[in-house]
1. Which one is nearest to Y471 (Cα to Cα), of the residues in the range 358-375 that are among the basic types (K, R) and open to solvent by 50 Å² or more (accessible area, probe 1.4 Å)?
2. Given the condition part of a loop (DSSP other than H, G, I, E, B) and either closer than 21 Å to M246 by Cα or open to solvent by 30 Å² or more (accessible area, probe 1.4 Å) (or both), answer yes or no: does some residue in the range 709-731 qualify?
3. Has the range 434-451 got at least one residue that is among the aliphatic types (A, V, I, L, M), under 30 Å from V804 (Cβ atoms) and assigned to a strand (DSSP E or B)?
4. Return the total of residues in the range 175-191 being free of Cβ contacts under 8 Å to residues at least 40 places away in the same chain and either touching a Gly at 6+ places or on another chain (Cβ under 8 Å) or among the hydrophobic types (A, V, I, L, M, F, W, C) (or both).
5. Is it the case that some residue within the range 670-684 is open to solvent by 20 Å² or more (accessible area, probe 1.4 Å), in contact (Cβ under 8 Å) with a residue 12 or more places away in the chain and assigned to a helix (DSSP H, G or I)?
6. Restricting the range 322-378 to residues that are small (G, A, S) and part of a helix (DSSP H, G or I), which is nearest to the chain's Cα centre (by Cα)?
7. Can you say whether A149 is at pLDDT 70 or above, out of contact with any Lys or Arg (no Cβ under 9 Å at 6 or more places or on another chain), surrounded by 18 or more Cβ atoms within 10 Å (Cβ to Cβ) and within 30 Å of I600 (Cα to Cα), as far as the supplied structure shows?
8. Among the residues of the range 566-594, count how many are assigned to a helix (DSSP H, G or I), open to solvent by less than 20 Å² (accessible area, probe 1.4 Å), over 21 Å from Y633 (Cβ atoms) and not small (G, A, S).
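The values are calculated or read from the model by the stated rules, or taken from the named source; none is laboratory data. Just so it is clear, the model here is predicted, and its values are computed rather than measured. When we count neighbours, we look across all protein chains shown, and the Cβ atoms used for this are built from the backbone with ideal geometry, even at glycine. SASA here: full protein model, heavy atoms, side chains in, ligands and nucleic acids out. Shrake-Rupley method; radii C 1.70, N 1.55, O 1.52, S 1.80 Å.
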Amino acid sequence: SRARLGAKPTEPRPLPLGLPLVNFWGLPAMAAPRWLSPILVVSALQVFLMPLREVCAQKFPDAVLEDDAQRCLLDDGECADEPGHLDLMQTNKGKRLVARPHVEKAPVEKATESVVKMVSRVGRQSVALEGEQNASATPTKAPGPPKDAAAASGVEGNTAGDLAAFISALVTNCIAVVVFIGIFMVLRIRFPLIYSNNVLKGLVPSTLPGERFGWAKAALRLSTDEAAEAIGLDNAMLLEFCNLCMRILTSIGIPLFFILGPLHLLFGGKAAGEDYLSYLSMGNVASGSWLYWIHAVIVWFVVFIVQVNIYRAQRQFLPRRFKWLRSLPEVRANTVLVEGIPEAYRSDAKLKAFFGKMFTGSKIKSAVVTKDTDRLCSLLEGTEAAKHALVEVESQWNASNKDPKQRPTSRFHGDLINFYTKQIEDASKQAKEEVARIKKESANLGGVNLWTGFVTFHDRSDAEMALTLDYSVDMDEWVVMTPPEASDLLWGDLKQSPTSQALTESIGYILVAVLYIVYLPCVIGMTTIAGTINMGPLQPIWAGLAPTLGLQFMVAFLPTFLILIFRAFFTLRADCWAQTKLQRWYFVFQVVFVIMVTAIGNNVLTFTQMLFTDPVGLTLLLAEKMPQATHFYMNFLVLQWVTHCMNLLRYVNLSKFLAFRNLYDDDTAAAKSEPEDQDYYGLGSRSARFTINMCIGIIFSTLSPPIAPLCFINFAVCRLIYGYLIPFAETKKADMGGVFWVCQLEHLFVGNIIYCIMMTGVLFSRASTPGPAMLAGPSVLYVLWSLGRFKTAFLWERLPFPEVVEGPTSAMKSSEGRGYGQPELE
């Protein structure tokens, strides 16, 4: 039913030297840092590995990917763009084996290729149609914009020739990993303040062995409990999440790769044709095969393994959480944050008197209402800016050996040293006067006293009791909650009125929705504009960068856009609470634009509507689209290894340290170079990316068993890299005691739900009977029930009250941490 036109390979296409790693395989820069110079290093490796492609092409001559011009003819005269890959399609004539149908294009479109196809096929061998050998060459035109979400994200369907590309990608990335680790080992010795500062400060329980790979041994030997003591429970549980993922992937990966994969190869029916990379995958199984009954059982096996491991991990987390709660500083454990204070109680004395009536006055240690200190903060910021400017001009003068003729001056301010010195003195005097005014007026109701405050009890049991009580019939009054760390508070958020909070948060949600809608149009628009720019002599380099420029920009800055919206329009109260909100929303964006990107099509709104209104249509859509992109996710996971090792270099912090060292001593320069960018490298963003990688492993490992070991290697690399970075190099962050961990586990349930829905649709559309789908379908209901049970079976946020009353209190750090007074007033 299918005749194939002959093809003769020609010389390989030249590879642009400036082509970044992410462009070479048409992959998105999902985890690529925003500073792309290290990726250009890997680009050079790709140039030197070009002979490897030729070897792969000789080893697998039929795996060379043809140009879009080549087509496969069907028996009814239709043609397909992607030869070498057969699909079982349901038509009005019944099921038949056909190539993907070709959609007729306009004359201009016929001369163009999609951006991602052009990028992903750079370096592959081109072919000429046999019968057109003597035809004149058609001038190459600029590639057109991506036509849908998958094209904009660099996602192509599985095709013949992907095996050679994957082998080349695997070798290139492995070499890049070795190179980056080697560079790190050199930098670690030369700049200990950047790469092992926590060891110098004595914050970690172990020291780094002196041998060359001592850092790796120290990272792997560090237990979760030791990490929790050194860097906080949140970061320690991120490392434990890597261990959890490796356990799950080992349990499901061994039977999938060593049993299901060979079944696909031997009994699948060779449906993959010349797509050798799919021989171990479900794409090699013909429609109607008896193997789909085994797949239905595998669905339950994967779901069961994931659920059992999640529950076991959460049970092991609870003792750590309760230990963390018991060891909280006394001032934090005994304090509650109060919002929506009525006007009649907006003073320190009135607030203390109100809670004194509830618990008797002897149980209240202190009560503080948040003050309006905007003018004072402005004065203090001006003072700090003047101090920084004074350090710079004095450094310039010191560089000239304090030559009087070279003393820094300005046309408008005269002698800059005298100017900034006077500015500091004047601002400091005004700040002291402002502090005195605020303290004097705070004795009266209202005025500088605002809507929020903190109440500190003598006994922790009273603070825990205060969190459970209702103080008003109005839910917006007397809202009592557990406070974050005092050092992490965002006092500006606590100064917002309830009315302004509701208004700004509504605007914030609207902006998040707008960002969700315009994400793909922005990617396509920037890509189109970049493709029209001619860089002259640099055009070969630009040709490699331009096709995915829009994608790289949006993906790299998506966490920044989200965190800017959150901080500008949401009442976050603390920086770490901003990270938790980022984790949840960033995960949503990645689920849609990474995992389900092939199903979006041209309109994200239509797809989103289907998510909530058409579950049957969604199931069939995911079953049709997602199995076609397993090769993309294999390459995607391999790329993650490199990005993790690039993070090991801490190149941004090192650059800032080298710059600040020209103005300050080494210790001050190191302090000013920290922390790393919390938008992209913060705990919320990292947690979301780790979870999405695990969801890829869960969702696609049955379709393509090799994805399981690739995902396992990814988390092994994470455990090594971040097992060193977080405890030994990065500064300690504010700790919420495992909030990110619980969110990650809940997100794994989401990945399990998507897996069950997709596999049910795949089995329904490919099996000869509805039986396999009917067997696998109820797994969705089981996962939903399990998620509900997970939320009720593990009450982790607060200590059980009997343990608060009867438990030991010696673990509380009574002297650690400052009170909840505004720092500018102290």
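1. The qualifying residue nearest to Y471 (Cα to Cα) is K363.
2. yes
3. The answer is no, given that none of the residues of the range 434-451 is among the aliphatic types (A, V, I, L, M), under 30 Å from V804 (Cβ atoms) and assigned to a strand (DSSP E or B).
4. 4
5. yes
6. Quick first cut of the range 322-378, residues small (G, A, S) only: 327, 333, 340, 344, 347, 349, 353, 356, 361-362, 366-367, 378.
Remaining after also requiring part of a helix (DSSP H, G or I): 333, 344, 349, 353, 356, 361-362, 378.
Values: A333: 31, A344: 45, A349: 46, A353: 46, G356: 46, G361: 48, S362: 48, S378: 34 Å.
Out of the qualifying residues, it is A333.
7. Numbers: at pLDDT 70 or above: no; out of contact with any Lys or Arg (no Cβ under 9 Å at 6 or more places or on another chain): yes; surrounded by 18 or more Cβ atoms within 10 Å (Cβ to Cβ): yes; within 30 Å of I600 (Cα to Cα): yes.
Here the answer is no, as A149 does not meet what is asked.
8. Start the filter on the range 566-594 by keeping residues that are assigned to a helix (DSSP H, G or I), which leaves 566-569, 575-594.
Imposing the further condition that a residue be open to solvent by less than 20 Å² (accessible area, probe 1.4 Å) reduces the set to 566, 576, 578-579, 582-583, 586-587, 589-594.
From the residues that got through so far, the ones that are over 21 Å from Y633 (Cβ atoms) too are 566, 576, 578-579, 582-583.
Next cut, not small (G, A, S) only: 566, 576, 579, 582-583.
Residues meeting the conditions: 5.
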